[in-house]
Amino acid sequence: MRRQVSVCGGSDCTGAGSDGVLAAFAAELERRSLSSHVSLVRTGCRGFCSAGPVVTLYPDGILYCRVAPEDVPEIVERSLLGQAIVPRLVYREPDSHRLLPRYAEIPFFRRQQRNVLRNCGLIDPLNIEEYIATGGYEALAKALTQMSPEEVIAEVKEAGLLGRGGAAFPTGLKWEFARRARGARKHVICNAEEGDPGSFMDRSILEGDPHSVIEGMLIAGYAIGATDGYIYCRTEYPVAVQQLERAVEQCYEYGLLGNRILGTSFSFDIHLRPVPGLYVCGEETALMESISGRRGEPRPRPPMPTTVGLWEHPTVVNNVETLANVPLIISRGAAWYRSIGTEQSKGTKVFAVSGMVNHPGLVEAPWGVTLREVIFEVAGGPPSGYAVRAAHIGGPLGGALPPSYFDEPISHDSFRDAGANVGHGSIVVIGDDTCMVELAQYYVQFGVAESCGKCTPCRVGGRRLQEILARIANGNGSLADLDAIKELAAVMRESSLCALGQMMAAPVLSTIVHFAEDYLAHIQQGRCPAQAKDLPQHSRATRRALAQGSSAAW
């Protein structure tokens, strides 16, 4: 059987030196006259970002961690020419120190269900034939030759696919609105403007399996009657942009884009729009303004983009992960998809886990998994000597949750009553040495910097939030400032034009509710709990009063 050496070429491994490892393998295989017997593949992100550069040997499934160019001759000698492993490069269990040489044995991978990420780290993303060999474009062929556009939409609706960009709007319903909208020309947009701090799900999918996203766009275009599509990707993702450019070229070469695709009457073109990252352009109307050549600012809705979108034409905007789910639904069926996840949230979700964990990286699991499982069982928990104080979920518009919420099943509706939301799917694990006032400051600072400034509640309200938090952080705040934060947050939520302004205060409110002791220490005692560990404990009644914004309760 032909052997294969897969070297991770995702951004994290590339930054750790995987290009040098790849070159070392190419030279060593050539020196030993093994190039015709062993294939060398540069794959996308495998998700095990803490262990990069990662090298996997097939068919044995041996995974080596933190490989350096000087390790390559020994790997070739012992594992390709022989049947042995290189113990110092193999994953070692933290507690038992037992060696787990095979990919499938490592807890990080064993506890996942990789559907969207099924090809990432396995195939060469620059080779369309490898994607086709795994069943790629079979869903497109099925849709074009065996299903009407209405049947495609019905299948996606039946599957229960909700948008993965944060809003969780039913994808099939959005497509149905666009299908019924009047217009001789319609568009599909892939939203790859992934600006959340701590998020790298979309980037990794595009780097490792760009054709799954293109196939999803083609199926969406067929379903709504669109003639073309746009991929809006930030230039800060150079590897993803490179993979996309080549993938689009290959689709034209193979007749999967352009006129009369697969011999049918369906024609579709894709245009790549690499742009400097701007968080507010993750909002679909701002994104369309940017594609049109105008300043990226949200516009009032209604009309909705499915009726009046890009260049006034009906437009569907889906994010990367949403589109990558579509081929799975069409090829395997809605019933299969609905069998995964929870009653309200179907399928799997890709999470970007970072912060105070042993194995930060990319995790795909069915909806219904708990934060405790993701943080401790998959990501390996905190390093020795640290404890987990909170998990900040949902990015700059999400919230921080204490461990008392870690056993709640994660779904689209989880944690809303607790002042947080799953959003795009980032999970930042917070250690016990973190000041929650400073954490809130960080997210508000990000929101202020990324505000387009179009609407006053966001532009001015964000600045006021910043000023209040600065007073508290410096020990000059008062209990009245906590009331002011809640009042300001309510105004911003009700009157801002887009979610950035509406939810900018969410991280502040969640930290006030769940970590009242930090604010009280700053305000009443003039000290930071991150520097003084003997934190005062306050009663639930005090926390409840704080959440209600009543300064009289203090």
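Just so it is clear, none of the values below were taken in a lab; they were calculated from the coordinates. Every value quoted in this text rests on a predicted model; they were computed, and no experiment measured them. Using ideal geometry, Cβ is built from the backbone for each residue, glycine included, and neighbour counts are taken over all protein chains shown.
Descending by average beta-carbon neighbour count within 10 Å, the peptides 200-213, 100-113 line up as 200-213, 100-113, the highest first. As a proxy for reagent exposure, 41, 353 were ordered by neighbouring Cβ count within 10 angstrom, fewest first; the result is 41, 353.
Taking Cα atoms of the stretch 29-76, Rg/Rh with Kirkwood Rh, to two decimals?
Working: Rg = 11.5 Å, Rh = 11.9 Å.
That ratio equals 0.96.
How far apart, in nm, are the 7 Å Cα→Cβ label points at residue 142 and residue 271? It is 3.2 nm. Under the simplified labelling scheme, the residue 4-residue 343 pair shows an inter-label distance of 4.2 nm, with each label point 7 Å from Cα along Cα→Cβ. Between residue 264 and residue 525, residue separation times 0.36 nm minus the direct Cα-Cα distance comes to 86.7 nm. Approximating the spin labels as points 7 Å out from Cα along Cα→Cβ, the residue 93-to-residue 432 distance works out to 2.5 nm.
Per residue of the chain, what 222 nm ellipticity follows from adding -39500 (n - 2.57) for every DSSP H run with n ≥ 4, rounded to the nearest 500?
Working: 21 runs with 205 residues, N = 554.
After summing the helix terms and dividing by the residues of the chain, the value is -11000 deg cm²/dmol.
One decimal place: the segment residue 372-residue 81 gains 100.6 nm when fully extended, by the rule 0.36 nm per residue minus the C-alpha distance.
Report the gain in length on full extension from residue 445 to residue 236: 0.36 nm times residue separation, minus Cα-Cα distance, nm rounded to one decimal.
Numbers: separation 209, 0.36 × 209 = 75.24 nm, distance 2.04 nm.
Using 0.36 nm per residue and subtracting the Cα-Cα distance, I get 73.2 nm.
When you count the other C-beta atoms within 10 angstrom of each residue and take the mean per peptide, 9-22, 248-261 line up highest first as 9-22, 248-261. Calculated FRET efficiency, residue 132 to residue 23, Cβ-Cβ distance, R0 = 30 Å: about 0.60 to the nearest 0.05. Hey, how much of the P(r) for the stretch 3-106 falls beyond 24 Å, as a percent of Cα pairs? When every Cα pair of the stretch 3-106 is considered, 15 percent fall beyond 24 Å. Taking Cα centre as origin and charging only the Cβ of basic (Lys, Arg, +1) and acidic (Asp, Glu, -1) residues, the dipole magnitude of the chain rounds to 640 debye. Taken over the C-alpha atoms, the chain has Rg and Dmax values of 24.6, 80 angstrom. The orientation-averaged shadow of the Cα convex hull for the stretch 128-338, equal to a quarter of the hull surface, comes to 10.7 nm².
Would you please give the FRET efficiency between residue 413 and residue 110, computed as 1/(1 + (r/R0)^6) with r the Cβ-Cβ distance and R0 = 22 Å, to the nearest 0.05?
Numbers: r = 28 Å, r/R0 = 1.28.
E between residue 413 and residue 110, to the nearest 0.05, is 0.20.
Checked against a 29 Å cut-off, the cross-linked pairs 454/486; 157/454; 142/174; 157/486 give Cα-Cα distances beyond that limit for 157/454; 157/486. The local environment of residue 42, defined by Cβ-Cβ distances under 11 Å, has a net charge of -3 under the rule Lys, Arg +1 and Asp, Glu -1. Highest mean packing first, where packing is the average number of other Cβ atoms within 10 Å per residue, the peptides 216-228, 118-130, 396-408 line up as 216-228, 118-130, 396-408.
In order along the stretch 398-411, phi translates into HN-Hα couplings of x, x, 9, 10, x, x, 5, 9, 6, 9, 7, x, 7, 9 Hz, rounded to whole numbers, per the Karplus curve 6.51 cos²θ - 1.76 cosθ + 1.60 with θ = phi - 60° and x for Gly and Pro. Across all directions, the shadow cast by the convex hull of the stretch 358-469 built on its C-alpha atoms averages 7.8 square nanometres.
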